[in-house]
Amino acid sequence: MSFQMLKSKIIDVGLCQGCGLCEGLCKHIKFEGFKPELKDYCVLDREGVECGKCYNSCPQVIQKKFEPRIPKGIYSLRTKDPEIQKNASSGGFVTTIVKKLLEKNELTNVVLVQNDNEIPRAISTSKVEDVIQSAGSIYGRPNVLSKLIQTLENPLEKIGIVGVPCEMRGVSNIQNLLNKDILKIGLFCNAGMRSFKTDQGIMCSPCCSGCPADVDARGYIDLIRQSKFKDAMDLIRKNNPLPSVCGQICTNECEHNCTLMGVESPIAIRELKKNAANWEINNTTKYDKSSKNKGEKIAIIGSGASGLTAAYFLAKMGYSPTIFEKSSRIGGMLRYGVPEFRLTQEFLEHDIQVIKNAGVEILTNTTIGSKLTISDLKKEGYKAFFVGIGLQNGFSMSIEGNDLKNVFEGVDFLKMVKKSEESKKIMSNLVKDKIVGVVGGGDVAMDSARTAVRLGAKKVIILYRRSEDQMPASDEEIEMVKRENIEFKFLTNPVCIIGDENGCCSELECVEMDLGKPDSSGRPQPIVIENSEFKLNIDVLIQAIGQTVDFSELDAATDNKLQKDRGRLVVNEITFESNVPGIFAAGDMIQNSKGVVISAVAQAKEAALSIDRYLKGKDLEKGRVKQSKLFSYGPKRIPKFRAPKPEHQEPVSEDFLNNFKQIEGMFNEERAISEAQRCLNCNNYCSHCQDFPASHADLAAGDIGSKKGYTTVIAWTEKGKEIVETAIKKGLFEIGSINEEKIQSAINIKSKRELLRFETTPRQKILDYVNLEGPLTITKISENLAMEPKKVRYEALRLVQQQKLNMKIAPALEEPVFSAICD
């Protein structure tokens, strides 16, 4: 067995879990990022020495079928140590127990993971402070077993290790190989690798798990690597019918979950999607049109991202969806609210055409409201309704001067620029050679500021009442704004708009702000600094401080029956059904929406599934769970590491006047394939693992089965049980209630998967054949297994040395006879 087999069967197909065991066992292997590579040479290739340690010891190769075990004890515990409680991910059990074992010298060293500047790294330590600092660390692929092997080289007697189930399986092998006693503290298969899909045995990489719409990024990146761009687009559309749009304006949450984050830059997933979309657009001569569906009629109100998505998936299910759009063109805010320099019309039109051709009927200039109600539609045969009207209205500041000329709300300003060439010209005449002020810190504020530059503004100033790191706009948008020489005034809040003799905005009175305690959003509350008033010359003011839903027509259409909360529609967050049966909704208009395209797509897809169940009379919730990644519950911290982007098509110093073209470049085919080749093809290994509760450990810990703030602990060995119960007696933990049914359910889901079968080694083939067929000679084995006699002799003798086969030699026998060892 050479390293080449490990590479071809494990590494290259994405099954390497990055544990580092092969590196620890072989001096000729090193890790580059998360992949093992040859440092110099393989002894089999170079010297002909039969080794195979790297392949035969790989935890992925020696998969062990999960065998139900009876725990020695199950507990629900929460640490009493306040310092550990602050950072612990659940009840702080692991950190507390390791700390205590080190303090009592029951462990001299422990191998665990510590987050180093957002990067998970394996460390071996004897210091309690290191253990406390590791509390709450996210486990990824940090080469834990390699670090364990290095630690075992030192003359240390009492070593422990903390790791996930697959790593615990590897530690068991190390123990047997090196005859070492190691305390194994396992973690339940963790959420960084696990998702709702992987728990069901479905392959889902971390990037896929991070995508609200569950788009198989790993899969389509692999297709791009093979130059199969059309296949890549088809795969994306299984979960997202707007791949061209998302290739340009997606918030790329998939990249935030990339395993390469921090070690290398994450894969440029959005750019690869854009490249595939561009290829499809350039290679599409005609659109294949589906025949008109004959299924039940469903009304889709609104043609934004959520409406288009719901219509597409319902058409694919065989229904007859009709989109009702009050404007003259479809696309909603994608059409009218996103500037051309961020989303090109060509990309939007391409996705819309594909959706139309899936069997979606579209009626423009048709308002669902007082003149065409839900009751009217029911009479026309519509059986279910989806609402996705978005946030069409902007908020205004409640300050004096709001009614002055040249004062706009952000969404209205952007709509006017995109509505028609005539309206764009009107806005250009208002803005050209003027000083433009933009109030707000979100993407609409950034888009408005960049649009004003292109309309010819002399100067553009963005005013934001908090600091830069509190801005809700994406880092990417903020960078672009800075590159276009737009000025920022942070910790600044307008208090009065001052007009001139013509009733036009001329000055803006502001106050300076300071940051106080966090408010309900989790961000520091801005506080006015006394006597800090100052004025700015502002000719045009754009207020981009938020948006709201215009419910006027929808209320008229539904007889005011829809439930709302704080200006948003209330829906069931699993089914997306409103309080009115048969009316579903998704996108920006619903409560806790993220306000981004990919979230609207994901929600609408779930709503379409609910509509299908509703029309079939099935339970809408059965077998489904609430997916938190579809919603926003407060500010989200974006990782600081970013994917590589293409070179800009134009110099940044270019004059942007009237130039609404995209300045971002695009990967060419060669560059896209090269970027796709960096992908690790993650989480094949998680999809085939059966061991949820780390059953090869002495004790295991996780959050399933305990209430929030407590850790579920399973003692698998007597040693593990003794450690836990001693700690409880010493008063280190509070004891909570345990839900064994939930634990067993999680165990059962994973244990029922089929294990992946790997190529059997020659030695294993011989062992299996002899055990199956009985006593055999080298000649017989060679003939039946099509293997060279010399190779059979070598492997069979090694099996005898390992006491896995018996060998009988007698004068009457022409050659040795090998047989199974009977217990």
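The values are calculated or read from the model by the stated rules, or taken from the named source; none is laboratory data. Everything quoted here is computed from the prediction, not taken from an experiment. Note that we place each Cβ from the backbone using ideal geometry, even for glycine, and neighbour counts take in every protein chain shown. Heavy atoms of the whole protein, side chains included, go into the accessibility calculation; ligands, DNA and RNA do not. Shrake-Rupley method; radii C 1.70, N 1.55, O 1.52, S 1.80 Å.
Apart from one condition, G390 fits all of (1) out of contact with any Phe, Trp or Tyr (no Cβ under 9 Å at 6 or more places or on another chain); (2) more than 29 Å from P494 (Cβ to Cβ); (3) open to solvent by less than 40 Å² (accessible area, probe 1.4 Å); the exception is (2).
Looking only at the stretch 457-469, filter to residues that are at pLDDT 90 or above and surrounded by fewer than 18 Cβ atoms within 10 Å (Cβ to Cβ); which one of those is nearest to N429 (Cα to Cα)? Looking at the filtered set, the residue picked out is K458.
Considering only residues that are within 22 Å of G52 (Cβ to Cβ) and at pLDDT below 90, look in the stretch 801-819 and name the one that is least open to solvent (accessible area, probe 1.4 Å). Residue satisfying both the conditions and the ranking: Q802. Restricting the stretch 233-265 to residues that are open to solvent by 30 Å² or more (accessible area, probe 1.4 Å) and assigned to a helix (DSSP H, G or I), the residue that is modelled with the lowest pLDDT is H256. Taken over the stretch 524-538, the criterion of being open to solvent by less than 50 Å² (accessible area, probe 1.4 Å) and part of a loop (DSSP other than H, G, I, E, B) is satisfied by S532, I538. Of the residues making up the stretch 589-619, just one is open to solvent by 40 Å² or more (accessible area, probe 1.4 Å) and under 12 Å from V571 (Cα atoms), namely N592.
Which of the residues belonging to the stretch 702-746 are closer than 15 Å to K100 by Cβ and small (G, A, S)? Listed by number, the residues that qualify are G720, A727, G731. Among the conditions (1) buried (at least 23 other Cβ atoms within 10 Å of the Cβ); (2) under 27 Å from the mean Cα position of the chain (by Cα); (3) on the phi < 0 side of the Ramachandran plot; (4) of a type outside the set (D, E, K, R), A315 misses just one, which is (2).
Scanning the stretch 541-578 for residues that are at pLDDT 95 or above, of a type in the set (G, A, S) and open to solvent by less than 40 Å² (accessible area, probe 1.4 Å) yields A544, A557, S578. One residue stands out among those in the stretch 772-799 that are touching a residue at least 12 places away in the same chain (Cβ under 8 Å) and open to solvent by 40 Å² or more (accessible area, probe 1.4 Å): the one that is nearest to L177 (Cα to Cα), which is R798.
Close Cβ contacts (under 7 Å, 6 or more residues apart or on different chains) running from residues in the stretch 508-532 that are in contact (Cβ under 8 Å) with a residue 60 or more places away in the chain to residues that are among the basic types (K, R) comprise L508/K535; R523/R466; P526/R465; P526/R466. For beta carbons closer than 7 Å, sequence separation of 6+ or different chains, a first residue in the stretch 1-28 that is among the charged types (D, E, K, R) and modelled with pLDDT of 80 or more and a second that is part of a helix (DSSP H, G or I) and surrounded by 19 or more Cβ atoms within 10 Å (Cβ to Cβ), the qualifying pairs are E23/S146.
If the condition is being open to solvent by less than 20 Å² (accessible area, probe 1.4 Å) and in a helix (DSSP H, G or I), then the stretch 376-387 contributes only L377. With respect to the conditions (1) of a type outside the set (S, T, N, Q); (2) open to solvent by 10 Å² or more (accessible area, probe 1.4 Å); (3) over 23 Å from A586 (Cβ atoms); (4) without any contact (Cβ under 8 Å) to a residue 60 or more places away in the chain, W279 lacks only one, and its number is (4). The set of residues in the stretch 96-153 being assigned to a strand (DSSP E or B), at pLDDT 90 or above and among the β-branched types (V, I, T) consists of V110, V111, T125.
Restricting the stretch 154-189 to residues that are β-branched (V, I, T) and not in a loop (DSSP other than H, G, I, E, B) leaves a set whose member that is modelled with the lowest pLDDT is I174.
With the condition kept exactly as written, say whether any residue in the stretch 363-375 is part of a helix (DSSP H, G or I), farther than 29 Å from G247 by Cα and open to solvent by 50 Å² or more (accessible area, probe 1.4 Å).
Step one: list which residues in the stretch 363-375 are part of a helix (DSSP H, G or I), which gives 374-375.
Now drop any that are not farther than 29 Å from G247 by Cα, which leaves 374-375.
Next cut, open to solvent by 50 Å² or more (accessible area, probe 1.4 Å) only: 375.
Yes - at least one qualifying residue is present in the stretch 363-375.
Output the residues belonging to the stretch 426-438 that are open to solvent by less than 10 Å² (accessible area, probe 1.4 Å), among the aliphatic types (A, V, I, L, M) and closer than 13 Å to E487 by Cα.
Our first condition is that a residue be open to solvent by less than 10 Å² (accessible area, probe 1.4 Å); within the stretch 426-438, this holds for 427, 431, 436-438.
Still in the list and also among the aliphatic types (A, V, I, L, M): 427, 431, 436, 438.
Correct list: V436, V438.
Yes/no per residue for (1) under 26 Å from I355 (Cα atoms); (2) more than 10 Å from the chain's Cα centre (by Cα); (3) among the hydroxyl-bearing types (S, T, Y); (4) modelled with pLDDT of 90 or more:
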position: C207; (1), (2), (3), (4): yes, no, no, no
position: F229; (1), (2), (3), (4): yes, yes, no, yes
position: I267; (1), (2), (3), (4): no, yes, no, yes
position: L272; (1), (2), (3), (4): yes, yes, no, yes
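For the stretch 303-337, the set of residues classified as within 16 Å of K415 (Cα to Cα), among the basic types (K, R) and not in a loop (DSSP other than H, G, I, E, B) consists of R335 only. In the stretch 590-602, the residues that are farther than 15 Å from C254 by Cα and of a type in the set (G, A, S) form Cβ pairs under 9 Å with partners that are open to solvent by 30 Å² or more (accessible area, probe 1.4 Å) and not in a loop (DSSP other than H, G, I, E, B), at six or more places apart or across chains, as follows: S593/R568; G595/D443; G595/Q547. The condition of being in contact with a Ser or Thr (Cβ under 9 Å, 6 or more places away or on another chain) and at negative phi holds for V511.
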